[in-house]
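Novice: Pasting a structure here, questions to come.
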């Protein structure tokens, strides 16, 4: 884009956009990386405080605040401007990171992870909102590959860094695991510097009105839902009274929230948005992509570590093909969208490829060569690269400028909810099938070769739930049976995830192809929104 063209359309120059993009990418990397870097080292972190029984809360606290706050950031940024709200999110994330690294007990760690999540919700949501403000949908594809790169980098670098820090007792005299949080500080400061220099305040003045009752109801409903599916369901059982009561409370609060939104003057989530065909379709697709992707992909590192005996660091390195798939197709689809102005074909093809890739994972066994696993991972990465950012472009092209913040953050919200539900449900499915398959394999072995079970005490079998290294203490025949049970359990998860992404493929077929707004059309929409909002 030339300087003259940018000036005529009111759109920033490529140099100005790249300046903003640099700050946004660093901020987004913070939030994306923190979802993966902690998981590798979490067991050793909580054992430091003798808090293994509160293991899930370290993750859930982060998920709760990041997911629940996402729509709020979108709405508040519509009212008060993107820059100050984004920088508030960065500062909040940095405060949470510093305090989490300095934690002295489990209660502090859980509380400070919640503060981290509060900042992460804004980083994830506002990145796409700000780009949506700056660049027209027709030109936005040129830049979406950068965001795909951030997602891919976090998927690989997170487990690598988490494993590196947790494997070292101390680094520069500080406990190694604390650097998992402290590493965020220089990157966060860099994001603040870059956005301060390149991101400008909006001149649009909007009437300030926030539906506080709606916000409280929404946060409460999401909190009850996530506690039910992430904590009580996996721990106490999906049909336990505690799980059912929590999920029931979430349903009731959701109904009350919807009633509140229908009568609120300035709703947190305007229900009129669901009358927008593209908003509804892309929301469903975001949920499915989140559930299918995270629910299935989270199992790959586990397969590599348990079945193929790789370390956490090596398992992270072996996910590089997945990252390459995301980055390459994000760049390719983005350039094609900017060149031809058509986007519908990409999520259709992407979700089809992703479904095939996940189905192929169900063929993994104890001796599957890495080159074959790489192909499957690349296919899933291709699918995500073609789909994830494309549906955001379609969404932003279909809504009014005044709703840019809330609509974009709502898409991120639905993807986050989908990923949380996917991880919880597929994780429970995996655990339940593993228990059944282990009993089946051990019973069969006891009949055909009783000598293979010598030394395999019930206590050692009980350790399998939390520590698979005990497998090495068993006989070779028993080890083979256990690994086969693990593989069969992974198969069930992948076979369950594939129909979910297939539903996403069907939804993509119903996505409407709307001509993408150009820079001039977007500037006219901005001016119209500005005129309506001045009060």
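Every number here is computed from the coordinates shown, using simple stated rules; none is lab data. Small disclaimer: the values here were computed from a predicted structure and weren't measured. As a convention, Cβ positions derive from the backbone with ideal geometry for all residues, glycine included, and neighbour counts pool all protein chains shown.
Novice: Would you mind calculating the gained length between residue 263 and residue 469 on full extension (0.36 nm times residue separation, minus the Cα-Cα distance), in nm to one decimal?
Specialist: 68.5 nm
Novice: I'd like the FRET efficiency for residue 271 and residue 435, computed as 1/(1 + (r/R0)^6) with the beta carbon distance as r and R0 of 60 Å, rounded to 0.05.
Specialist: Using R0 = 60 Å, I get an efficiency of 0.90.
Novice: Moving on. In whole Å, how far is the Cα centre of region 430-485 from that of region 77-120?
Specialist: After rounding, the separation between the Cα centres reads 43 Å.
Novice: Additional query: Taking only Cα atoms, what is the 0 to 90° angle, nearest 10, from helix 241-263's long axis to the longest principal axis of the chain?
Specialist: The angle comes out near 10 degrees.
Novice: OK, next. With everything on Cα atoms, drop me the angle between helix 106-134 and the longest principal axis of the chain, reported from 0 to 90° to the nearest 10.
Specialist: Result, in degrees: 40.
Novice: How long is the gain from residue 342 to residue 461 if the chain were fully straight, where each residue apart is worth 0.36 nm and the alpha carbon distance is subtracted?
Specialist: 37.3 nm
Novice: Ranked from highest to lowest mean number of other Cβ atoms within 10 Å per residue, what is the order of the peptides 383-391, 74-82?
Specialist: Averaged packing, sorted descending, gives the order 383-391, 74-82.
Novice: Right, another one. Given an 8 Å cut-off on Cα distances and at least 6 residues of separation, report the relative contact order of region 211-267 as a percent. Walk me through the intermediate numbers first.
Specialist: Values: 52 pairs, mean separation 27.5, N = 57.
Worked out over region 211-267, it gives 48 percent.
Novice: Still on this model: With each label point set 7 Å from Cα along the Cα-Cβ vector, what nm distance links residue 107 and residue 510?
Specialist: Distance between label points: 4.9 nm.
Novice: Please determine, in degrees from 0 to 90 and to the nearest 10, the orientation of helix 476-509 with respect to the longest principal axis defined by the Cα atoms of the chain, where the helix direction is its Cα long axis.
Specialist: Once rounded, the angle reads 20 degrees.
Novice: When a/c reaches 1.5 or more, the comparison of a/b and b/c decides; with that in mind, is region 243-351 rounded, prolate or oblate per its Cα gyration tensor?
Specialist: Oblate, because a/c is 1.5 or more while a/b does not exceed b/c.
Novice: Would you calculate, for the chain, the mean residue ellipticity at 222 nm contributed by helices, counting each DSSP H stretch of 4 or more residues as -39,500 (n - 2.57) and dividing by all residues, to the nearest 500?
Specialist: Taken over the chain, the calculation gives -26500 deg cm²/dmol.
Novice: At a Förster distance of 41 Å, what's the computed FRET efficiency of residue 365 paired with residue 252, Cβ-Cβ distance as r, to 0.05?
Specialist: After rounding to 0.05, the efficiency reads 0.35.
Novice: Relative contact order of the chain: what whole-number percent is it, with Cα pairs under 8 angstrom and at least 6 residues apart?
Specialist: After rounding, I find 22 percent.
Novice: Oh, and also: Which residues among region 314-351 fall inside the zone where the amide N is under 15 Å from a point 7 Å beyond the Cα of residue 167, along Cα→Cβ?
Specialist: 314-319
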